[in-house]
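Trainee: Below you'll find the structure I mean.
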Amino acid sequence: MDNKIVRGSCSLVFVIFLLLFNWISSVYGEIIAKPGTFDHFQLDTPDKFIAGSEYKIFIYALDAFGNPVSMPSESPKEYKLTVSGFATITPYQFKSSEITQSGLAIKFKDERAEDVLLTLYEINSPFPILEKRIKILPAQLYTLKIKVPPSVRVGRDFDIQITGNDRFGNVVCQDFDPKALNLFFKGDVAPQIKDIRYVSERCYVNVKLFAERTGYFQIEANLLDKKITGKSEKVEILNGEVTSFIVNAPSEAVVNEPFDVTILAIDNFNNFVKDFAMQREKIIIEAQGKSSVFLSELSSYAFSDGKAKISLRYDKPEDIKIVVKIANDNNIKGESDIVKLIPPKVKRFEVISPDTIIAGQRFKIKIIAYNQLDKIMSNYNLYGNTVILKSSGTGTLTPNKIPASEFVNGVATVNVMYDKAENFEIYATTEEKESPSKEIKVSEERPVEKTKQKVMKKKEVKETRGKKKGTALKGNVLELKNVSLVETKSGCVLTLFVPNIEKQGSYHPRTQKTTGAMAVVLEIYPATNQLETPVKIDSEFIKKVSVVEEQNNKLVLNIILKKPLKYRLLKKKDELVVEFRKR
C-alpha cells in the first residue's frame, strides 16, 4: 500500500516538472549570437596549386574573434588585389559591399611553377592590407626538353642539359627518372659522350660531349619507363683553327705555262677550315727548286669553304714541289707531290702569207709556233729547233731555214722569195720531225690603205709625244707573260705576271663605261705582250680581258666587268695585282 502511494507521488512530481519547464521556455525564447563589427580581412586558399589549373580564392571580412561579417553598403570602399609572377586573377578590383558573410570568390590561374605573392590594397593607398605567398607546383610530366648550344668547335668539350617538363614548360622533378633516360644522335655527325651527370638540386641531366668532324646533328631522348620523348634543335659543329695545308698539283706541267693548283686549309682533325677567308692571313707560295714560282703570294680571302684554286707558273724544266705556308707562322704549311716541269715542245705551225706574190720578189710571211697545249709557244727561241720551210710547188723557196732565235714571243716574221710563177703552199716543220703546218692566205694591202695607215700612225705619234705616261722608258722592255684569276664569293683577284715591274715599269689605271657595264683600263709601259689575245677568262665578275700593244712599247689592258665593282691596284715583285670587290 505504501509503495503504491510513493510511486503515485513520484509520477505527480515529474508531471509538475514538465509543465514548469515548458512554461519557463515559452516565457524567455532562443538566444541568437551575431558577429561583431569588421576588424580585418582573411584570404582562404586551397592547400595545393598545380600549374595550368584554375582555382578559387575567397576573401573574408572578419570581426575581432574571426567571425565572418558582411561589409556595410552605406559607405563602401574600393579595394584592389595584385599578384606577382605570371599569375592572373579575376576580378582584381572590387567594392567592400561585394564582400558578404559567404566571402568574395576570386578566380586564380598560373601556368608557371613559381612562388606568387598575393597582396590586398585599399585604392589610393600604397600600404598593403594583407599579403599571402602561394607556391605553384608543376603539372604532370609531359615531354623532355634538351638544351643545346647553336654551334660548337671541333676538339672542344661542350655540355647539353636534359630536363623533364610539363606541357607548360615547367621542370618536373617528381616523375623524372634519369636512370631511364635513353639518347640518340641523328645527322651528319655523332659526337662522343664523355660524361653523364644528374644534378639533383635542379632536376636536370648534364651530358658532356666531344666532336672531331664538322657537320650538323640533333639529339633525341626518351624515358624507357614512360612514353615521354624530346628532340633538340640542330647543332652545328664548326671547324677548328687551320693547322696545315693540303696542296694538290698536277704531276706534270709545261715550263712557263700556267697550271692549276688547289690549296685546302685543314684543321687538326682534317676538316676544311671553311671560315679561313675571314682570318685575313697572308700566304706564301714557294717552289722547292732553282727558280721562283709565280704567283708567290696569296691572301686568305681567296679561299671559299676552305678551298682555293689558283694558277701558277714556273720557268725552269726540273722537278719541284709547291710549298704553301702562312707568312707569320711557318709551322702551318703544306707541300704538294713532285711536279715535273717539262720543256715546251712544238705541236704545230701556222704560216700567214699574202694571197698573191710576184715570182722572184721578196714577200713577208709570219710563222707562229704552238706548243703541246695548243697555245702560242712564246719561248720558242729558247726551246725550239730550226724551222724548215717547204713548198708544194716546183720552185725554190729562199731562205728555207729559219733559226729558233728569229722567233719573238712565238712568232717569226721573215722575208722570203719564190722563183716560179705558179700556185703553191708553204709548210713549216722542224729538223727533227714533220710537224703539222697550216698556211693562211691574206690579201695584200693597197698602196692607198698603206698611206692612210702611215698618216694615222704619224698622227698617233704626234698626239702621244706630249703625254709623259705614254712615253717609253729607257732600259729593258718588260713582258706580260701570264694572267691568273682567283675568285671568292665577294670578288676576285686578277694577277698580271710582269717580271721586274716593280723596278723598271710604270702603270696608269682608269675606268670607263661600256654598254651596260664598267671597264677598268690599265696601261703598262714599257712592255710587250706574250699572251694569247683575247685572254680567256671564265669568271662570274669579269666578262673579258683584252690586251692591245700600242706604239712606244705600251700595253693597254681592257678589263670589262659583268657588274660594277670596286677595285684596288697593287704593285708587287714581278706582279700587278688588281683586286675587285662587290660595292
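The values are calculated or read from the model by the stated rules, or taken from the named source; none is laboratory data. The shown structure was predicted, so the numbers you read here are calculated from the model rather than taken from an experiment. Neighbour counts run over all protein chains shown; Cβ positions are idealised from the backbone, glycine included. Each accessible area value is taken on the protein alone, full model and side chains, heavy atoms only, with ligands, DNA and RNA left out. Shrake-Rupley method; radii C 1.70, N 1.55, O 1.52, S 1.80 Å.
Trainee: Mind checking which pairs have a first residue in region 200-215 that is under 27 Å from LYS274 (Cβ atoms) and of a type in the set (D, E, K, R) and a second that is in a loop (DSSP other than H, G, I, E, B) and open to solvent by 30 Å² or more (accessible area, probe 1.4 Å), Cβ under 6 Å, 6 or more apart or different chains?
Mentor: Correct list of pairs: LYS208/ASP157; GLU212/PHE269.
Trainee: Of the residues in region 121-149, how many are under 18 Å from PRO46 (Cβ atoms) and surrounded by 13 or more Cβ atoms within 10 Å (Cβ to Cβ)?
Mentor: 7
Trainee: Shifting gears a bit: Would you call ASP159 open to solvent by less than 60 Å² (accessible area, probe 1.4 Å), of a type in the set (Asp, Glu) and out of contact with any Ser or Thr (no Cβ under 6 Å at 6 or more places or on another chain)?
Mentor: Working: open to solvent by less than 60 Å² (accessible area, probe 1.4 Å): no; of a type in the set (Asp, Glu): yes; out of contact with any Ser or Thr (no Cβ under 6 Å at 6 or more places or on another chain): yes.
Judged against the criteria, ASP159 is not a match.
Trainee: So ALA113 ticks every box in (1) assigned to a loop (DSSP other than H, G, I, E, B); (2) open to solvent by 60 Å² or more (accessible area, probe 1.4 Å); (3) in contact (Cβ under 8 Å) with a residue 60 or more places away in the chain but one. Which box is left unticked?
Mentor: Tallying (1) assigned to a loop (DSSP other than H, G, I, E, B); (2) open to solvent by 60 Å² or more (accessible area, probe 1.4 Å); (3) in contact (Cβ under 8 Å) with a residue 60 or more places away in the chain, ALA113 fails exactly one: (2).
Trainee: Restricting to region 369-416, count the residues that are under 30 Å from TYR314 (Cα atoms) and either of a type outside the set (Gly, Ala, Ser) or open to solvent by 70 Å² or more (accessible area, probe 1.4 Å) (or both).
Mentor: 26
Trainee: Please find, within region 190-209, the residue that is farthest from ALA180 (Cα to Cα) out of those that are touching a Leu at 6+ places or on another chain (Cβ under 8 Å) and either open to solvent by less than 70 Å² (accessible area, probe 1.4 Å) or not in a strand (DSSP E or B) (or both).
Mentor: Applying the filter and picking the extreme gives PRO191.
Trainee: Looking at region 349-368, I want the residues that are surrounded by fewer than 18 Cβ atoms within 10 Å (Cβ to Cβ) and have a partner that is hydroxyl-bearing (Ser, Thr, Tyr) and part of a loop (DSSP other than H, G, I, E, B) with Cβ atoms under 6 Å, at least 6 apart or on another chain. Which pairs are those?
Mentor: ASP355/SER443
Trainee: Just wondering, is there one or more residues in region 301-320 that are farther than 28 Å from VAL535 by Cβ and either of a type in the set (Asp, Glu) or open to solvent by 10 Å² or more (accessible area, probe 1.4 Å) (or both)?
Mentor: Checking region 301-320: at least one residue is farther than 28 Å from VAL535 by Cβ and either of a type in the set (Asp, Glu) or open to solvent by 10 Å² or more (accessible area, probe 1.4 Å) (or both).
Trainee: For region 267-377, give me every one of the strands (runs of 3 or more DSSP E) that falls completely inside it and has 1 or more residues that are more than 29 Å from GLU252 (Cα to Cα) and of a type in the set (Gly, Ala, Ser). Reasoning before the result, please.
Mentor: On the way: elements: 282-287, 297-299, 307-314, 322-326, 329-335, 339-342, 346-354, 362-371.
Filter on region 267-377 gives 346-354.
Trainee: Now for a different question. Any residue in region 406-422 that's in contact (Cβ under 8 Å) with a residue 24 or more places away in the chain: show its pairings with residues that are among the acidic types (Asp, Glu) and surrounded by 14 or more Cβ atoms within 10 Å (Cβ to Cβ) at Cβ separation under 9 Å, as long as the two are six or more apart or on different chains.
Mentor: Pairs that qualify, where the first residue is in contact (Cβ under 8 Å) with a residue 24 or more places away in the chain and the partner is among the acidic types (Asp, Glu) and surrounded by 14 or more Cβ atoms within 10 Å (Cβ to Cβ), are ASN409/GLU479; ALA412/GLU406; THR413/GLU406; VAL414/GLU406.
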